[in-house]
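In what follows, a single structure is set out as structure tokens and then discussed.
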Amino acid sequence: MIRFEGVYKRYPGGREALRGVSFHLARGEMAFLTGPSGAGKSTLLKLVTLIEKPTRGTVLVNGQNTARISRRGIPAFRQKIGIVFQDHKLLYDRSVFDNVALPLVILGLGPREIARRVRAALDQVGLLGRERHAPITLSTGEQQRVGIARAIASRPEVVVADEPTGNLDPELSLDIMRLFARFNEVGVTLLIATHDLELIERFGGRRLRLVDGMLDADGDAAAMTGS
Amino acid sequence: MRRWASLHVQSLKSALARVAREPVATAMTVLVIAIALALPSGLRVLVGNVSALSSGWQGVTDFGVYLEPGTDEARARALAEQIAGRPDVAGVDLVTSDEALADFRARSGFGAALDALEHNPLPHTIVVRPAGGPDSDLEGLAAALGALPDVDFVQLDTEWVERLRAILALAAYVVDVVSAVLGVGVALVIGNTIRLEINSRAAEIEVVKLVGGTDAFIRRPFLYLGFVYGLAGAGAAALLITAVLALLREPAAALAALYGSDFRLAGLSPLDASVLVGGGALLGLAGAALATSRHLQEIEPR
């Protein structure tokens with residue numbers, strides 16, 4: 001589903017954020033992307049979401065080579081990916097409903113279908129009944145869950161999350177991670193960047209550890225704690 | 001089709017909501033647009049009025065045929081009848097020298113000075129009313145009358161009408177140029193307003209791009225916003241012109257009455273009004289299109 005082949009990313013100014021990263025995340029797999037800050041986690045996610053393109057190497061998402069996607073093709077590409085942000089990136093002048101509905105409106109769905117899917121997404125994150133609320137009246141954890149509902153509302157096959165629990169206390173963080181694990185159970189491919197090692201200790205599954213722009217380790221949580 | 005329509009209804013609603021959120025700033029913008037549109041449109045209406053007035057004067061091309069001094073009155077009458085018989089003459093009026101003198105005495109107030117004259121210095125005059133319309137050969141008629149025996153000279157007083165027409169044509173041209181310049185100005189004002197709106201909504205645009213919003217989707221509400229500004233500005237301009245013309249109507253009628261005319265100031269015609277409002281809306285759309293094409297690409301998620 002997500003395949004990196006010898007990917008380098010050099011930013012203008014010469015800083016090399018990624019240096020020869022290769023991995024493959026299969027359909028339906030869930031992986032945590034870890035590493036110290038500045039190791040290239042954000043850059044890697046930006047390459048997946050086409051905010052950036054690789055300097056060298058190949059990034060394949062959904063079978064598409066991102067280097068071959070033109071500016072005009074980016075919206076259609078992003079419509080198939082759910083993105084969760086550390087700072088939620090909600091629209092604070094709109095209701096919870098309208099925030100979650102945004103990707104569905106972009107897809108051009110009818111009002112009835114949009115209402116149905118928004119409620120389904122809010123139900124999954126446990127916020128059904130809050131549609132009419134303004135995001136600002138919700139707690140940080142709830143706002144993050146609205147952001148997650150928005151990411152999954154269009155039922156994307158791939159969801160990427162950049163530090164989704166960055167601002168949350170351990171209890172709420174665990175909730176969010178359990179939510180992601182549930183999506184994974186129904187077949188969604190997930191790539192979650194986090195520096196919260198304690199949290200992912202409690203989850204099994206694959207870990208990609210970036211250090212200094214290179215993949216330091218790739219394997220099972222269990223195997224890695226053993227090493 | 002219904003989805004497409006509902007997307008557009010949504011964009012229009014969101015544009016109106018943005019306008020409603022800052023009523024004072026919106027009112028100022030709309031007023032600037034209204035004044036910029038009202039100026040050329042108002043001038044156009046005024047030039048149209050003066051043109052209508054001057055075309056009313058088209059028939060007033062009577063001219064005077066002055067006879068040689070000393071021509072006797074019987075000869076003058078004979079000449080008047082001869083001229084009246086011409087097919088290109090609608091009618092004549094003979095003003096004898098005595099009548100002219102009496103008239104002059106009554107109007108000028110130089111009665112005492114005239115009494116001092118030994119004889120009447122004024123000639124007999126035949127006022128000729130040509131038959132033809134504006135295309136008729138007035139110059140030719142004047143020349144023919146001037147060649148008649150005992151005619152001193154013919155005064156064809158159409159030059160000032162020609163000059164007025166030329167001035168009006170120039171004024172109409174100036175109004176066209178001013179309209180074009182101010183039209184560009186309105187598009188730029190709206191474009192700038194949209195640019196500020198885009199900047200203030202950069203975060204939102206970024207989010208919409210991240211969840212896969214196409215350029216058209218992002219552009220649409222801003223285009224509607226420009227359209228609404230243009231429409232509202234042009235509507236306000238139409239009201240402004242109508243109000244000013246309503247204020248001018250009474251004084252203009254009073255002035256016309258002094259000249260014995262029943263001239264009435266014409267307002268903005270329905271056609272003018274729809275051209276103004278439609279043009280305003282199009283200018284708004286153009287300004288918004290300019291701003292969105294230039295500034296939306298600058299906002300990319302980082």
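See the values below:
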{"item": "Some residue of segment B:84-107 being over 26 Å from B:V151 (Cβ atoms) and part of a helix (DSSP H, G or I)", "result": "yes"}
{"item": "Residue satisfying condition, being exposed (fewer than 15 other Cβ atoms within 10 Å of the Cβ), under 30 Å from B:A243 (Cβ atoms) and acidic (D, E), within set B:E81, B:E22, B:E73, B:E68", "result": "B:E22"}
{"item": "Matching entry among B:A291, B:A257, B:A273 (being of a type in the set (G, A, S), out of contact with any strand residue (DSSP E or B) (no Cβ under 8 Å at 6 or more places or on another chain) and over 30 Å from B:L223 (Cβ atoms))", "result": "B:A257"}
{"item": "Unique residue being among the β-branched types (V, I, T), farther than 23 Å from B:A237 by Cα and free of Cβ contacts under 8 Å to residues at least 40 places away in the same chain when the list is B:V24, B:V65, B:V9, B:V89", "result": "B:V9"}
{"item": "From the options B:L276, B:L239, residue that is crowded, with 17+ Cβ neighbours inside 10 Å, farther than 30 Å from A:A76 by Cα, modelled with pLDDT of 90 or more and among the aliphatic types (A, V, I, L, M)", "result": "B:L276"}
{"item": "Matching residues in segment B:181-220 - criterion: being closer than 21 Å to B:A286 by Cβ and of a type in the set (G, A, S)", "result": "B:G183, B:G185, B:A187, B:G191, B:A216"}
{"item": "Candidates B:A288, B:A252, B:A273 - the one that is in contact with a Phe, Trp or Tyr (Cβ under 9 Å, 6 or more places away or on another chain), farther than 24 Å from A:G108 by Cβ and assigned to a helix (DSSP H, G or I)", "result": "B:A252"}
{"item": "Total residues in segment B:205-221, condition in contact with a Pro (Cβ under 7 Å, 6 or more places away or on another chain) and either in a helix (DSSP H, G or I) or aromatic (F, W, Y) (or both)", "result": "3"}
{"item": "A:S154 within 14 Å of chain B (Cβ to nearest Cβ) and under 20 Å from A:R27 (Cβ atoms)", "result": "yes"}
{"item": "Of all residues making up segment A:26-40, the number that are under 15 Å from A:A217 (Cβ atoms), assigned to a strand (DSSP E or B) and of a type in the set (A, V, I, L, M, F, W, C)", "result": "3"}
{"item": "Restricting segment A:56-84 to residues that are in contact with a Leu (Cβ under 8 Å, 6 or more places away or on another chain) and within 10 Å of another protein chain (Cβ to nearest Cβ), the residue that is nearest to A:L44 (Cα to Cα)", "result": "A:I83"}
{"item": "Flag for B:L148 being surrounded by fewer than 16 Cβ atoms within 10 Å (Cβ to Cβ) and touching a residue at least 24 places away in the same chain (Cβ under 8 Å)", "result": "yes"}
{"item": "A:S70 being within 20 Å of A:G28 (Cα to Cα) and either modelled with pLDDT under 90 or of a type in the set (S, T, Y) (or both)", "result": "no"}
{"item": "In segment A:54-92, residue nearest to the chain's Cα centre (by Cα) [restricted to those that are exposed (fewer than 15 other Cβ atoms within 10 Å of the Cβ) and within 23 Å of A:P164 (Cα to Cα)]", "result": "A:D87"}
{"item": "Residue in segment B:187-200 that is surrounded by the most Cβ atoms within 10 Å (Cβ to Cβ), counting only those that are in contact with a Phe, Trp or Tyr (Cβ under 9 Å, 6 or more places away or on another chain) and of a type outside the set (A, V, I, L, M, F, W, C)", "result": "B:T193"}
{"item": "Enumeration of residues in segment B:162-211 that are within 14 Å of another protein chain (Cβ to nearest Cβ) and touching a Leu at 6+ places or on another chain (Cβ under 8 Å)", "result": "B:E197, B:E204, B:I205, B:V207, B:V208, B:V211"}
{"item": "Meets criteria (of a type in the set (A, V, I, L, M), in a helix (DSSP H, G or I) and free of Cβ contacts under 8 Å to residues at least 12 places away in the same chain) for B:A113", "result": "yes"}
{"item": "Breaking point among (1) farther than 13 Å from B:I126 by Cα; (2) at pLDDT 85 or above, for B:G59", "result": "(2)"}
{"item": "Any chance A:A39 is more than 13 Å from chain B (Cβ to nearest Cβ), surrounded by 18 or more Cβ atoms within 10 Å (Cβ to Cβ), of a type outside the set (S, T, N, Q) and under 15 Å from the mean Cα position of the chain (by Cα)", "result": "no"}
{"item": "Number of positions in segment A:95-105 that are under 15 Å from B:S11 (Cα atoms), without any contact (Cβ under 8 Å) to a residue 40 or more places away in the chain and either among the aromatic types (F, W, Y) or within 9 Å of another protein chain (Cβ to nearest Cβ) (or both)", "result": "1"}
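The values are calculated or read from the model by the stated rules, or taken from the named source; none is laboratory data. All of these numbers come straight from a predicted model, not from anything done at the bench. As a convention, Cβ positions derive from the backbone with ideal geometry for all residues, glycine included, and neighbour counts pool all protein chains shown.
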